[in-house]
Structures are given as structure tokens and as C-alpha cells.
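J.: Once you've had a glance at the structure underneath, I'll fire off some questions.
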Amino acid sequence: MITISLCMIVKNEEKILERCLSCVADLMDEIIIVDTGSSDRTKEIARKYTDKIYDFEWVNDFAAARNYAFSKATKGYIYSADADEVLDKVNRERFHLLKQNLLPEIEIVQMYYSNQLQFGSVYNYDREYRPKLFKRIRNFTWIDPIHETVRTKALVFDSEIEIIHEQEESHAARDLEAFRRACGEERLSQRLHNLYARELFIAGEKEDFLEAEEFFEASCNDTQRSAEEVKEAACVTAKAARLRGDKLKFHKYAMKVIASEGCSEICMELGNFYKKEKDYAEAAVWFYNAAFETESLLDIRSKGDKPLLGLAECYRCLGMEEQAKEYQKMAGEWR
């Protein structure tokens, strides 16, 4: 049977930490808590479950904090958890069976992460696989009988364990501030570029778009960015311009996206633009395109209930109540 170190980074989690630890503690062989500056009872609660509690000076870097937590682990595998995660009875049993039967060559175990759409976040799916259990020390082995090479790709097992994500509140404001800070410190990777654009479209407010406009406009003209990144950047820049009332700039960047096959997000923006201009017939065309003729790039709802509600509003303004009711019904059924 494998041994597991639970590694967590926490800050001011007194409301939910015990809920998390109480449902996983007996499955772990070691519990490591790294505190990044709590001012509440977080460490007092953690001491009920472990004496391995460490302070880590917050440097605006979640990866650095997690790496520090991992460095303290001593068991065969590391389970990475957050304080707002819960395992119910069924999934506790699945975890117990996994621990008893996991083959030693498995290096990463993925688990379902669910309930992600309760609060706005960068994720477009309510349930998806995430890597959660990691072999602490990786043993490199040679493979292939001829032209042999070292196996560098990790052996991953997709388990049936489902972790329930039970946030107390949205983290969007915190995350968007972290993105803004990261933009000023270094060039965002392709992954973070995408996640920043996604978080804006899923949970951003007007001021968030305006503060991001300069960065994403620069991305549109960055020859090192991929076509997909430029498309993401043009979507953000167009929306920021629309929110500011800059019609020329809005259409400039909206047309850049349309020229590259378009996406639901930019069709939504065009629909919102014409709706504000009270050109409801034209707005309806673009909302229809968002819902039925294009694919979402950043926010799955831009192809779902959002344009359907836009269509309902436009048809209501056009005096076409029957069509409005139909699209209103479709929007309600979409989720």
C-alpha cells in the first residue's frame, strides 16, 4: 500500500479548513500545512491534525508556496489539496481503495474536480479531470528494445474519485489582481494569457477590462504570440473599447476576430453593441451567430444562455413576444 503526504497552502481558512481536513486526515500518512500569513484561527485548527505547520512569506506566487509545501513531504506520494475541497463518503471509499491498490509505476493520479461553476472562474466545465496525487520521487527507466531512450512522459491514471469544490465566495477579484500584477513583472506564458482572458470574460467587471486593455492590445501586435493568443487578445481589447464607448477601436478589433473565423464572444460583443444602439434587428443577427453559428473561445456561456437571453430581449423590443418567450425558455433550459 502506498503512503501519502497531504500538502496544503492556506491563509485565513478558519471557516472551512476543518471541513476539509476532517474528511481526508485518516487517509493520509502525513499532513503538511504551509501558512502564507493567516491572522485568524487557521493554524490553531490545523494543529488538531498535524504538528507539521510551516510559515511561508507570501511572494505573490502560488507555485512557489506549493513547491515549498512539496519540499517538506517525506512519503511516497503527495496529495495536493485546497481548503475548500471536500470528499464525501463514496469518494472517501474510492480514495481508500486507490491507496490500497495503486500500482507503483503510476506517477500521477487524476481525479474529477466538480462544482466549479458555482462561482465565476476561469473554468468552463462543472466537472473535469485534474492531477491531484503525485509520486514524490520519480524513477527514470529506459524503454524500447532498440534505439532505447529514457521514458520522460509521466504514467498517468484517471481515477473515479470526485473532489467536491465548495468555495465560500468568488476568487475572481483576487485572481484578476494577480494577473494584473503578473503582467507588469514578466511576459505571460501562453497558458496564463489564455486564463487571464478567460477570467475576464467569465467573471470580469468593466474596470477589469479597462485595466487589461493596454496589455491585451499589445498582445494583438506581439509577433511572438500565436494566432490563438492574438484572437483572445482582440476579444478582450474589443470588449474594453466597447465598454469605453470607443466605437472605432471596437470595430477595428472585432473585425480582426471576425476575419479569423470569429467566435461566440465577439458575436456577443457585436450583439451588445447594436442592442445599445437600439438596432435590435441587427443585434439579433449577432446574438443568433453567437448561439448557433460560432464556437466559444473563452466563456462557454457566450454560446449558451447569454446570447439566447440577448435574442429574447431583442425580439421583445421588436414586439415579437412569441419568439422572445421561446428564446427565454431555451436560455432557462441551457444549463
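J.: From the list 80, 71, which one is small (Gly, Ala, Ser), in contact with a Leu (Cβ under 9 Å, 6 or more places away or on another chain), assigned by TED's automatic domain parsing to the domain that holds residue 25 and at pLDDT 95 or above?
T.: 80
J.: In segment 242-287, which residues are surrounded by fewer than 16 Cβ atoms within 10 Å (Cβ to Cβ), within 28 Å of the chain's Cα centre (by Cα) and among the acidic types (Asp, Glu)?
T.: 261
J.: Suppose we filter 49, 54 for residues that are part of a strand (DSSP E or B), farther than 30 Å from residue 155 by Cα and without any contact (Cβ under 8 Å) to a residue 40 or more places away in the chain; which single one remains?
T.: None of the other options fit; the residue is 54.
J.: Test each condition in (1) outside any helix (DSSP H, G or I); (2) closer than 15 Å to residue 201 by Cβ; (3) not small (Gly, Ala, Ser) for residue 266 and report the one that comes out false.
T.: Residue 266 satisfies all of (1) outside any helix (DSSP H, G or I); (2) closer than 15 Å to residue 201 by Cβ; (3) not small (Gly, Ala, Ser) except (1).
Residue-wise test of (1) out of contact with any Lys or Arg (no Cβ under 6 Å at 6 or more places or on another chain); (2) under 20 Å from residue 269 (Cβ atoms).
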position	(1), (2)
152	yes, no
156	yes, no
161	no, no
165	yes, no
177	yes, no
182	yes, no
188	yes, no
192	yes, no
201	yes, yes
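J.: Right, another one. Filter segment 26-48 for residues that are surrounded by fewer than 20 Cβ atoms within 10 Å (Cβ to Cβ) and touching a Ser or Thr at 6+ places or on another chain (Cβ under 8 Å) and give the result.
T.: Listed by number, the residues that qualify are 29, 30.
J.: I've got another one for you. Of everything in segment 138-157 that's surrounded by 10 or more Cβ atoms within 10 Å (Cβ to Cβ) and free of Cβ contacts under 8 Å to residues at least 40 places away in the same chain, which residue is nearest to the chain's Cα centre (by Cα)?
T.: For segment 138-157, the residue satisfying everything is 138.
J.: The conditions are (1) surrounded by 15 or more Cβ atoms within 10 Å (Cβ to Cβ); (2) in contact with a helix residue (DSSP H, G or I) (Cβ under 9 Å, 6 or more places away or on another chain), and residue 60 fails exactly one of them. Which is it?
T.: If we test residue 60 against (1) surrounded by 15 or more Cβ atoms within 10 Å (Cβ to Cβ); (2) in contact with a helix residue (DSSP H, G or I) (Cβ under 9 Å, 6 or more places away or on another chain), just (1) comes out false.
J.: Just for segment 166-217: of the residues that are part of a loop (DSSP other than H, G, I, E, B) and within 22 Å of residue 301 (Cα to Cα), which one is farthest from the chain's Cα centre (by Cα)?
T.: 205
J.: In this structure, is residue 219 exposed (fewer than 13 other Cβ atoms within 10 Å of the Cβ) and over 30 Å from residue 96 (Cβ atoms)?
T.: Considered against the rule, which asks whether it is exposed (fewer than 13 other Cβ atoms within 10 Å of the Cβ) and over 30 Å from residue 96 (Cβ atoms), residue 219 comes out as no.
J.: Exactly one condition in (1) of a type outside the set (Gly, Ala, Ser); (2) modelled with pLDDT of 85 or more; (3) within 30 Å of residue 200 (Cβ to Cβ) is not met by residue 153; state its number.
T.: (3) is the only condition that residue 153 fails.
J.: Next up: Taking interchain pairs and intrachain pairs at least six residues apart, which have beta carbon atoms under 6 angstrom, with the first residue in segment 292-306 and more than 15 Å from residue 333 (Cβ to Cβ) and the second of a type outside the set (A, V, I, L, M) and outside any helix (DSSP H, G or I)?
T.: Close Cβ pairs satisfying both conditions: 294/262; 294/263; 297/263; 300/124; 302/296.
The values are calculated or read from the model by the stated rules, or taken from the named source; none is laboratory data. This is a predicted model, so every value here is computed, not measured. Note that we place each Cβ from the backbone using ideal geometry, even for glycine, and neighbour counts take in every protein chain shown.
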